[in-house]
């Protein structure tokens with residue numbers, strides 16, 4: 001996946017783990033967002049910037 005902040009490639013080992021983690025390049029906090037039951041398929045996973053005020 002691609003970091004939405006710096007567009008650096010991020011390796012995801014476990015797509016079920018939704019704990020926040022840091023990008024190794026820009027050190028921005030990221031989190032996997034898993035949406036179930038969308039028209040994209042059974043699950044749709046996106047990588048987004050973790051905002052501590054909203055999350």
request  = Using only alpha carbon pairs under 8 Å that are at least six residues apart, calculate the relative contact order of the chain and give it in whole percent.
outcome  = 30
message = I'm checking a number: the convex hull volume of the Cα atoms of the chain, normalised per residue, in Å³. What is it?
response = 90
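Here, each number is a calculation from the coordinates, and none is a lab measurement. Not measured: the values here are computed from a predicted model.
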